[in-house]
Amino acid sequence: MTAPTLFERIIARALPSEIVYEDERYIAIRDIAPKAPIHLLVIPKKVTARLDDITDTAELGDLWQTAIKVARQHAQDYRLVVNCGEGGGQVVFHTHIHVLAGWDGAPESDT
């Protein structure tokens, strides 16, 4: 059996985190190393290592709809980002969507 991911430990309340949203399937927290004035992580409670491991289109749609809902609760304009795999910048191997927002004007780049 593998050790629980960082996010599983947060979901289980074994690690502290600032929770900004939670329902039966998802949790959203503030990122501890923000890359934008508003940087949230929307995390499914069901564990998959990467976004492309989710093959059910309804499950994918629910995840994205939840990320949009959380983003709109915190900002009018926002960016949603997913890193897939180490080469794609993923650090925690538990699917999650980054919500980035809050820049004065626009972010430095569109990537």
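Things to note:
- In nm, spacing of pseudo-spin labels at LYS45 and CYS84 (7 Å Cα→C-beta vector): 2.6 nm
- Each of ARG9 and GLN65 was given a label point 7 Å from its Cα along the Cα-to-Cβ line. The distance between the two points is 3.3 nm.
- Kirkwood-type hydrodynamic radius, the chain: 14.4 Å, calculated from all non-identical alpha-carbon pairs.
- C-alpha long axis of helix 57-74 to longest principal axis of the chain, angle in °: 40 degrees
- Accessible carbon and sulfur surface of the chain relative to its total accessible area, %, 1.4 Å: 52 percent
- Remark: relative contact order (segment 19-111) = 33 percent; criterion is Cα-Cα distance under 8 angstrom and separation of 6 or more residues.
- 1.4 Å probe accessible area per residue over the chain, in Å²: 61 Å²
- In the chain, excluding the sites themselves, the longest stretch lacking any of the trypsin sites (Lys or Arg not before Pro) that are in a DSSP loop with at most 13 other Cβ atoms within 10 Å is 47-111.
The values are calculated or read from the model by the stated rules, or taken from the named source; none is laboratory data. Remember, it's a predicted structure, so these values are computed and weren't measured experimentally. Cβ: placed from backbone, ideal geometry, glycine included. Neighbour counts: every protein chain shown. Ligands, DNA and RNA are stripped out before the accessible areas are found, and what is left, the full protein with its side chains, is counted by its heavy atoms. Shrake-Rupley method; radii C 1.70, N 1.55, O 1.52, S 1.80 Å.
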